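Working notes, structure below.
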Amino acid sequence: MNKKIKTEAVDFLFDAILCLKSREECYSFFEDLCTVNELLSLSQRFEVAAMLKNHKTYMEIAEKTGASTATISRVNRSLNYGNDGYELVLTRMGTDSPAGSADNGEKG
């Protein structure tokens, strides 16, 4: 864990997130907390992580998500050398890819 982010304020934020009980509550909280662009950037990084874990190429990921190769590379570095946070969450979700990214375009 990065000691720079371990603060009382970050703990307070994470405790708040852990209190959320539904997707609708998440939408309400995160729409108040983040700008639209911040939230879309976070979701894009998470989608990139899932696609990398699914062995998609940088080109496939860039075309699907609109992420730059720099963003894809940063996410890949986190997957390979980070704190295994992406792995933890993707495993707990029971999926390696976000809903709607199946090759047939159907939502899962």
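Note on Cα Rg over 2.2 N^0.38 Å: of the candidates (i) 1.29; (ii) 1.25; (iii) 1.14, the value calculated from this structure sits at (iii). In percent, how large is the relative contact order of the chain, given Cα pairs closer than 8 Å and 6 or more residues apart? It rounds to 21 percent for the chain.
Based on DSSP H segments of at least four residues, each scored -39500 (n - 2.57), the chain has a per-residue ellipticity at 222 nm of -20500 deg cm²/dmol.
Values quoted throughout were computed directly from the atomic coordinates according to the rules given, and no laboratory measurement underlies them. What you are looking at is a predicted structure, and each value in this text was computed from that prediction instead of being measured.
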